[in-house]
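Undergrad: Quick one: this structure, given as structure tokens, is what I'll be asking you about.
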Amino acid sequence: MKWISIIALIAFLPFINRPLFIDDHAIFQQAESLSTRLATPYSTYPEQLGWTPGHDVGEDNPPIFFYLLALLIRTLGPTLWKIHLVLFSIHLLGLWAFYGLAKRFTQYPQWATLCWLFTPHYFVTAQSLLVDSFLIDLFLLAMFCLTQRWMLMGALLLGIVPLIKYAGLLSWPIAGLWILLRKERNSRDWIYFLIPIALFASWMLWSRSIYGHDHFTAVARSRMTWPGLSNYLVLGRFWIGTTPIVLVGLIGLSQIKQINREIVFLASWLVLGLVGLSFALPWVCARFLVIIGPPSVLLSIVIMENVFPKLLDRFTIRFIVLLPIIVLSLLLAQIDYAQARNDVAIAQQANQWLDNHPAIGNYYYPAAALGGLSYYLNKAHWQAIEPAKIVQTGSYVLLPTRTLPSLFWPKLDRAHILERWDYNTWNPLRVLDNPSGAGFYGSIWGALPFSFSKGPVETYLIVRNENDEQTK
């Protein structure tokens with residue numbers, strides 16, 4: 001494990017100072033404000049990601065990660081590289097837990113662990129402050145404890161996992177399935193499930209006492225959807241695109257010679273996860289897939305060992321399988337980092353532009369913009385504006401045109417372009433790019449988990465809304 005830890009540190013360090021991007025800014029702002037309202041887990045502003053009694057829930061996630069992040073901000077300050085470094089230690093614990101599971105299921109646990117580390121949906125998500133990578137780290141720790149029969153610790157972790165994100169509830173049937181299928185059965189093990197049930201029930205009662213409704217039911221009512229064929233097609237496209245080792249596993253699936261207890265468990269984990277995710281939302285985010293990433297990797301490797309045992313005995317073959325996964329993940333992480341840096345740069349330029357062009361009018365940026373604009377822009381001047389909301393004549397709008405489809409723009413009578421900034425990069429991959437269809441952070445933004453493009457990584461416009469009379 002020493003070499004895996006060193007490789008993980010080397011792989012993460014170049015991205016350790018990644019700016020706030022996508023939903024990071026909302027999570028970070030929630031955590032920053034927690035120190036003033038520890039007894040109230042969500043901010044109470046209807047227009048923000050939070051929850052105000054009498055209004056629809058805005059923040060979908062339970063509060064455990066927010067409290068952890070608030071503690072880190074209180075201890076280390078709002079310095080991102082320090083916070084990412086602490087979170088890396090949690091990712092490392094998750095990697096060690098995966099290695100412990102891989103030793104039980106595969107002949108090459110170190111290789112399997114590296115395949116998981118560099119699985120793109122996990123590796124890119126782990127560079128962020130999104131809750132999903134933290135979720136799977138603790139889930140893996142819980143499963144490892146159960147395999148070692150550390151039942152009390154495993155049960156406590158199973159109680160924490162769904163309090164990070166509700167998708168973590170899938171951990172309960174998966175853990176129960178492990179207890180059912182393992183050789184050393186003990187009926188007393190089921191008693192430990194009272195611990196996660198009690199923890200979850202306590203959160204439901206607490207949130208109900210504050211907001212009038214329990215948070216889980218409020219989120220489920222507004223977010224869950226009955227899946228259709230399109231849900232599964234999009235989910236499958238994102239799953240295979242960001243878990244490339246699955247392609248190798250699928251090659252050997254039809255030739256598998258023996259189905260054992262381990263294969264049944266991993267396949268059941270995978271199926272439960274896929275079905276559960278298909279109910280979550282009418283669109284897919286690559287980060288959702290961390291819940292099915294471990295069984296995808298382990299099952300693919302178990303199938304390969306079953307079908308191609310002599311081939312996998314050769315280090316060269318294992319290296320050939322791993323290398324393109326590493327390259328893809330590093331390239332996706334680099335372009336993700338570049339796009340995050342762009343928001344910092346454009347915020348500085350837009351703030352400077354406003355200082356150099358003082359004028360009467362309002363200054364807006366789209367509230368639906370995925371990125372750090374809302375955090376890095378000067379809040380004394382720039383205001384968020386909702387999609388399709390009418391912009392007053394004479395007002396100014398900062399638009400990210402490649403990552404934000406016009407459907408999510410505010411309503412402009414006639415946009416007069418005052419400034420244009422193009423940001424280019426050597427990397428042809430894109431994680432978020434509407435023209436080429438990249439929607440790593442949500443299939444609602446793009447139909448593919450990633451894409452290729454020769455165009456700018458982002459184009460920002462400052463436009464002035466003018467009516468027909470002004471134009472004449």
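Undergrad: Which one of these is assigned to a helix (DSSP H, G or I), touching a Gly at 6+ places or on another chain (Cβ under 9 Å) and of a type in the set (Ser, Thr, Tyr): Ser222, Ser300? It would help to see each step written out before you state the result.
TA: Working: Ser222 fails: touching a Gly at 6+ places or on another chain (Cβ under 9 Å).
Result: Ser300 is the single residue among Ser222, Ser300 that is assigned to a helix (DSSP H, G or I), touching a Gly at 6+ places or on another chain (Cβ under 9 Å) and of a type in the set (Ser, Thr, Tyr).
Undergrad: Quick one: Asp422 ticks every box in (1) in contact with a Lys or Arg (Cβ under 9 Å, 6 or more places away or on another chain); (2) within 30 Å of Leu330 (Cα to Cα); (3) assigned to a strand (DSSP E or B) except a single one, so which number is it?
TA: (1)
Undergrad: Separate question: Can you name the residue in segment 229-254 that is touching a residue at least 60 places away in the same chain (Cβ under 8 Å) and β-branched (Val, Ile, Thr) and, of all such residues, is surrounded by the most Cβ atoms within 10 Å (Cβ to Cβ)?
TA: Looking only at segment 229-254, we keep the residues that are touching a residue at least 60 places away in the same chain (Cβ under 8 Å), and these are 234, 237-238, 241-245, 248.
Now drop any that are not β-branched (Val, Ile, Thr), which leaves 234, 242-243, 245, 248.
Working: Val234: 20, Thr242: 27, Thr243: 25, Ile245: 25, Val248: 16.
The qualifying residue surrounded by the most Cβ atoms within 10 Å (Cβ to Cβ) is Thr242.
Undergrad: Which one of these is surrounded by 15 or more Cβ atoms within 10 Å (Cβ to Cβ) and over 25 Å from Thr125 (Cβ atoms): Ser436, Ser453, Ser443, Ser395? Give the steps one after another, and end with the answer.
TA: Working: Ser436 fails: over 25 Å from Thr125 (Cβ atoms); Ser453 fails: over 25 Å from Thr125 (Cβ atoms); Ser443 fails: over 25 Å from Thr125 (Cβ atoms).
One residue alone meets the criteria, Ser395.
Undergrad: State whether one or more residues within segment 53-63 are without any contact (Cβ under 8 Å) to a residue 24 or more places away in the chain and surrounded by fewer than 13 Cβ atoms within 10 Å (Cβ to Cβ). Even if it seems obvious, please write down each step before you answer.
TA: Here is the first cut: in segment 53-63, the ones without any contact (Cβ under 8 Å) to a residue 24 or more places away in the chain are 55, 58.
Add one more test, that the residue is surrounded by fewer than 13 Cβ atoms within 10 Å (Cβ to Cβ), and what stays is none.
Within segment 53-63, not a single residue is without any contact (Cβ under 8 Å) to a residue 24 or more places away in the chain and surrounded by fewer than 13 Cβ atoms within 10 Å (Cβ to Cβ).
Undergrad: Another question, if that's okay. Taking segment 383-419, which residues are part of a loop (DSSP other than H, G, I, E, B) and farther than 28 Å from Ser451 by Cβ?
TA: Lys389, Val391, Gln392, Thr393, Gly394, Ser395, Asp413, Arg414
Undergrad: Checking Lys257 against (1) modelled with pLDDT of 85 or more; (2) surrounded by fewer than 18 Cβ atoms within 10 Å (Cβ to Cβ), which single condition isn't satisfied?
TA: (1)
Undergrad: Quick check: is even one residue across segment 126-139 more than 30 Å from Val321 (Cα to Cα) and either of a type in the set (Ser, Thr, Tyr) or within 21 Å of the chain's Cα centre (by Cα) (or both)?
TA: First, the residues of segment 126-139 that are more than 30 Å from Val321 (Cα to Cα): none.
No - not one qualifying residue is present in segment 126-139.
Undergrad: Further question: Residue under question is Val391, and the condition is that it be out of contact with any strand residue (DSSP E or B) (no Cβ under 9 Å at 6 or more places or on another chain) and aliphatic (A, V, I, L, M); does it hold?
TA: It is false that Val391 is out of contact with any strand residue (DSSP E or B) (no Cβ under 9 Å at 6 or more places or on another chain) and aliphatic (A, V, I, L, M).
Undergrad: For the subset of segment 202-228 comprising residues that are touching a residue at least 40 places away in the same chain (Cβ under 8 Å) and closer than 17 Å to Ile444 by Cβ, which member is surrounded by the most Cβ atoms within 10 Å (Cβ to Cβ)?
TA: Step by step, filter segment 202-228, then rank; the result is Pro227.
Undergrad: Does Thr40 satisfy the criteria of being in contact (Cβ under 8 Å) with a residue 60 or more places away in the chain, hydroxyl-bearing (Ser, Thr, Tyr) and within 30 Å of Phe308 (Cα to Cα)? Even if it seems obvious, please write down each step before you answer.
TA: Working: in contact (Cβ under 8 Å) with a residue 60 or more places away in the chain: yes; hydroxyl-bearing (Ser, Thr, Tyr): yes; within 30 Å of Phe308 (Cα to Cα): no.
For Thr40, the condition - in contact (Cβ under 8 Å) with a residue 60 or more places away in the chain, hydroxyl-bearing (Ser, Thr, Tyr) and within 30 Å of Phe308 (Cα to Cα) - is not met.
The values are calculated or read from the model by the stated rules, or taken from the named source; none is laboratory data. Please read these numbers as outputs of a predicted model, since none were measured by experiment. We place every Cβ from the backbone using ideal geometry, glycine too, and count neighbours over all the protein chains shown.
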